[in-house]
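S.K.: Questions regarding the structure given below will be posed in turn.
The values are calculated or read from the model by the stated rules, or taken from the named source; none is laboratory data. Treat the numbers as computed from the prediction; the structure is a model and nothing was measured. Note that each Cβ is placed from the backbone with ideal geometry, even for glycine, and that neighbours are counted across all protein chains shown. Note: accessible area is taken over every heavy atom of the protein model, side chains too, but ligands, DNA and RNA are not part of it. Shrake-Rupley method; radii C 1.70, N 1.55, O 1.52, S 1.80 Å.
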Amino acid sequence: MTSETIHPRGHMTLQLLDDAGNVTATFAHHNQVLDGGRMLLLSLLKGDSVIGDYELILGNKEFDPMAEKPLDQPGVVPVKLTGKPTLKMVDKELTITFRGNVEQGQVVIGGGMVAISEKSGDKTRDLYNFAATPNQVEMADGQSVSVNFRLAME
């Protein structure tokens, strides 16, 4: 099995929240599963790896999800999570929801899920997927966000 035979698909919904937790804006787009995500899926399917945790990042206009080391770029906007992400599996579709705060105001072009996996005792942090927003999203310091990823295999 090669990574070309895996056809993951998905969708991201990014919501901006006010101080009371009410949704003030919603942005949605299809996911682009990246090479790191495809390789991780292969490793998970073979039973070589397990996922230990997930993180959320947002990308500003300098962010390139196709960069060789996407998590090492200055365009990564970290999100401080306000709790553990929630995971659900329904009808062979995985849903992961993150809630958190952007520490520093940014103009965001999309969001991605980072999977922290372990294989033979070695931990790896990979950008699994990235979904561009339909337009740029201005976020203030401390902006509260909720990001939902739905992922399935075809």
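S.K.: Is it the case that Leu87 is within 21 Å of Leu17 (Cα to Cα), open to solvent by 60 Å² or more (accessible area, probe 1.4 Å) and not polar (S, T, N, Q)?
M.R.: The answer is yes for Leu87.
S.K.: Continuing with this model, one more query. For the range 112-133, does any single residue satisfy the condition of being of a type in the set (Phe, Trp, Tyr), within 22 Å of Ser49 (Cβ to Cβ), at pLDDT below 90 and not in a loop (DSSP other than H, G, I, E, B)?
M.R.: Yes.
S.K.: Would you tally the residues in the range 103-149 being of a type outside the set (Asp, Glu) and more than 14 Å from the chain's Cα centre (by Cα)?
M.R.: Residues flagged as of a type outside the set (Asp, Glu) and more than 14 Å from the chain's Cα centre (by Cα) within the range 103-149 amount to 19.
S.K.: Moving on to the next point. Scanning for something free of Cβ contacts under 8 Å to residues at least 24 places away in the same chain, within 23 Å of Gly10 (Cα to Cα) and of a type in the set (A, V, I, L, M, F, W, C), does the range 89-112 turn up at least one residue?
M.R.: yes
S.K.: Restricting the range 1-39 to residues that are at pLDDT 90 or above and charged (D, E, K, R), which is surrounded by the most Cβ atoms within 10 Å (Cβ to Cβ)?
M.R.: Asp18
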